[in-house]
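The values are calculated or read from the model by the stated rules, or taken from the named source; none is laboratory data. This one's a predicted model, so the numbers in the text were calculated from it and none came from an experiment. Note that each Cβ is placed from the backbone with ideal geometry, even for glycine, and that neighbours are counted across all protein chains shown.
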Amino acid sequence: MDHNTRSILVVTRSQELADRITAGFRESRDTRVKVAHSSLAAMNGHAAELTFESNVVIFEADPEDEREMAAIRELLTKGQEDTLFLALTDGDVSLSKARWFLDAGIDEVLPSGISFEGLSGVIDKSLNARRTPAAHHMAPDQNEGFILSVAQARGGAGGTTVAVNLACALLGHNSLFKRATKARVALLDLDLQFGNANVLLDLEDNGAFSTLITSGQLPDRAYVRSMMQSHSSGLDILNAPPSIVPLTALRPDLVAALLDALRAEYDYVVVDLPRVLTEWLEPVLLRTDRMTIVMDTSVPSVRHAKRLMDFYREVQIGLSVGLVVNRESRPMIRTAAQKEAEDVLGASFSHWLPDRPRIVRKATDQGQPFMLGHAGSDIGKAFRKFADATQNSLPRQIAIAN
């Protein structure tokens, strides 16, 4: 193969997909694209011949088609070692089926709806990785963004609502005396089994997180950009998989690489944490700049919050932790029980968010967080103070262009 020009073979029956890929590479002088309007199974022996001529083979695959799976297996026994195989599948493909592709020798399993930019980024990264054996992720520096993690002391405390609205608040806001500012903000839903942050934003899952887990590839910035979904507010989100996956399916090194890539791309990365303690939580805690624990003032909630604080600070000594009391208005005078709770926690209840179920329910049903549609309400104003205090607690401020 010509090392100065890379050859891409696209095997698909979809004219739209073929056009999207060929149009994307049309301006590239070092890339030539050949399209086979077929399937690997229908091409038979001809597929192997074309594979030998290509640097990259992109093909649509249906895990339920046994004939197609057999053709893939046979093809991979004949292909050259330096050929990159990328399978495009439906976002609902199961973990076991996706794992089959990887075990068979497929390099990447990607969602069929992946953008051209995302696909091109995966190709560039994968080909470069083969040329450069040792690939290292950049260590964080002073130009990278902050990671703000949100946990909840008990189930139903409202951790996801706080995470979503915090992310929206960090985008920036209008002022009579200041031009509108806009920060780059990402929301990462790490509640693998019951995450629903995208529901609060009225966004359908794009299959990106499921694909990341099944592929096991450490993501870089280009890959992360291809995974994110954008809300009309300007917020980008990587939502949890739509179906329940084992907590052990996510590796610590993958989480570390994901967070490193996200904070290299964004000013703020808000992480919605699950109410579990698992191995891959450690890289999250080690990278967290500010932890928020959402709770109420009941005895069980206080006890759970204390246990979480102790655990988090065992992993990262000196971790900055803020306590947010949700669905309770700030009292004029603290009760004896509330003072005792603060003594047990060794910290004050820094922010109180009043209980406004109608506003929260309406915002949820409309897919527009209350910080976007009800910022002037009392809960919106309380949340604005919380968001501002979160920003001010960081060791440095993000410079946002007007």
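Filter segment 110-125 down to the residues that are over 17 Å from the mean Cα position of the chain (by Cα) and over 14 Å from R20 (Cα atoms) and list them by number.
Answer for segment 110-125, where residues must be over 17 Å from the mean Cα position of the chain (by Cα) and over 14 Å from R20 (Cα atoms): I123, D124, K125.
Among the candidates A341, A336, A240, which residue alone is free of Cβ contacts under 8 Å to residues at least 60 places away in the same chain, over 30 Å from N206 (Cα atoms), buried (at least 21 other Cβ atoms within 10 Å of the Cβ) and of a type outside the set (D, E, K, R)?
The match here is A341.
Go through segment 1-34 and give me each residue that's closer than 14 Å to V57 by Cβ, surrounded by fewer than 17 Cβ atoms within 10 Å (Cβ to Cβ) and at pLDDT below 85.
M1
Which count do you get for residues in segment 226-256 that are under 10 Å from the mean Cα position of the chain (by Cα) and either of a type in the set (K, R) or outside the structural domain of D205 (by TED's automatic domain parsing) (or both)?
Within segment 226-256, residues that are under 10 Å from the mean Cα position of the chain (by Cα) and either of a type in the set (K, R) or outside the structural domain of D205 (by TED's automatic domain parsing) (or both) number 0.
Of everything in segment 276-316, what is in contact with a Phe, Trp or Tyr (Cβ under 9 Å, 6 or more places away or on another chain) and either touching a residue at least 60 places away in the same chain (Cβ under 8 Å) or among the basic types (K, R) (or both)? Give them in sequence order.
L285, T288, D289, R290, M291, T292, I293, M295
Considering only segment 225-237, I want to know if a residue exists there that is surrounded by fewer than 20 Cβ atoms within 10 Å (Cβ to Cβ), in contact (Cβ under 8 Å) with a residue 60 or more places away in the chain, basic (K, R) and closer than 26 Å to G155 by Cβ.
no
One line per residue, one yes/no per condition, for (1) at pLDDT 75 or above; (2) of a type in the set (A, V, I, L, M); (3) not assigned by TED's automatic domain parsing to the domain that holds I123:
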| site | (1), (2), (3) |
| --- | --- |
| N44 | no, no, no |
| E49 | no, no, no |
| F52 | no, no, no |
| A61 | yes, yes, no |
| M69 | yes, yes, no |
| Q80 | no, no, no |
| T83 | yes, no, no |
